[in-house]
Amino acid sequence: MADKKSLADLVEELVEITYELEKAKYSRPERAHGWIKAAYVLAYGLDNGLGKRQLADVVQRRINDVRKEMSDLSDKVEA
């Protein structure tokens, strides 16, 4: 079984993939938007008493959401 990514690695991945989406959508992307999204997800999770593994799962779901949005955007461009 593959090792699960650390929470820090997942946060970095969320920031990076959010930045990539910003680059695809806007002429002036800002990496800060990814950090804002990550901070919100972490704050929300901590506020609701989530543990480290649960927080990692929430961050992974947000990453998957951004990937889906990128895929949808790519499909529209190709159409």
Quick test of your reading of the structure: residue 52 fulfils all but one of (1) surrounded by 14 or more Cβ atoms within 10 Å (Cβ to Cβ); (2) at pLDDT 90 or above. Name the failing condition by number.
(1)
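This table checks each residue for (1) under 14 Å from the mean Cα position of the chain (by Cα); (2) modelled with pLDDT under 95.
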| residue | (1), (2) |
| --- | --- |
| 8 | yes, yes |
| 12 | yes, no |
| 22 | yes, yes |
| 25 | no, yes |
| 29 | no, yes |
| 41 | yes, yes |
| 63 | yes, no |
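I'm trying to understand the selection: among the residues of the stretch 33-44, which are of a type in the set (Gly, Ala, Ser) and either surrounded by 19 or more Cβ atoms within 10 Å (Cβ to Cβ) or more than 14 Å from residue 10 (Cβ to Cβ) (or both)?
Within the stretch 33-44, 34, 38, 43 qualify.
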Residue count for the stretch 5-18, restricted to those that are among the hydroxyl-bearing types (Ser, Thr, Tyr) and surrounded by fewer than 18 Cβ atoms within 10 Å (Cβ to Cβ):
1
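The values are calculated or read from the model by the stated rules, or taken from the named source; none is laboratory data. Note that the coordinates shown come from a computational prediction; the quantities given were computed from them, not determined experimentally. Neighbour counts are summed over all protein chains in view; Cβ atoms, including those assigned to glycine, are modelled from backbone coordinates with ideal geometry.
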